[in-house]
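Below is one structure, written out as structure tokens; comments come after it.
The values are calculated or read from the model by the stated rules, or taken from the named source; none is laboratory data. A quick note: this is a predicted structure, and the numbers were derived from the prediction, not measured. Cβ placement follows ideal geometry from the backbone for every residue including glycine, while neighbour counts extend to all protein chains displayed. Just so you know, the surface numbers come from the protein's heavy atoms only, side chains and all, with ligands and any DNA or RNA stripped out. Shrake-Rupley method; radii C 1.70, N 1.55, O 1.52, S 1.80 Å.
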Amino acid sequence: MKKGVTTLLAALTGGIVGAGTATNLWKRKCNVADDWGRKMLEFYNTLNQWLKLRQEGRSLVEYFEKNEYKTVAIYGMKELGERLYDELSGSNIEVLYAIDKRADRIYANVDIVTPEEELLEVDVIVVTAIHYFDDIEEVLASKVDYPIISIEDVVYGM
């Protein structure tokens, strides 16, 4: 009888611990999915606003001219960074370089450095990794003393 009770208690304890572990894993997966969803929504909203501006015949170049930013560094050379580079190319706004953690794996028509490298002075750094802007700004602000803005600031600031 004693052995049966011990076995039952061990099985119940194992079941409770297993259920707790499964619940924690599920919560983590849900948090990751929620974070990814927020990231995609920010991305979508920014691209949508940018597209509206383009349909009105406007270019982000206007923002940089209005704020007297002549030289730019772009942080993040994925989709938004590439599109920003394309939009500024051929204008009087010069993209001096780009910054990306994966600099060694990116091919672009502009020099790319990592955030740890020395950053040449520009009029403004535009962060296109909008979901991570606060963290990126904190890192860059300890290295530079010129403006660090989000692509959202540009798109919604016109």
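Net charge near Lys101, counting Lys/Arg +1 and Asp/Glu -1 over other residues with Cβ under 12 Å of its Cβ?
-2
Post the alpha-carbon centroid distance, the stretch 83-110 to the stretch 62-76, in whole angstrom.
Spelled out, the Cα-based centre of one part sits 12 Å from the other.
Return one whole number: the accessible area per residue of the stretch 28-153 in Å², for a 1.4 Å probe.
Heavy-atom accessible area per residue stands at 61 Å².
For the stretch 21-158, what % of the accessible area comes from carbon and sulfur atoms, probe 1.4 Å?
That fraction is 49 percent.
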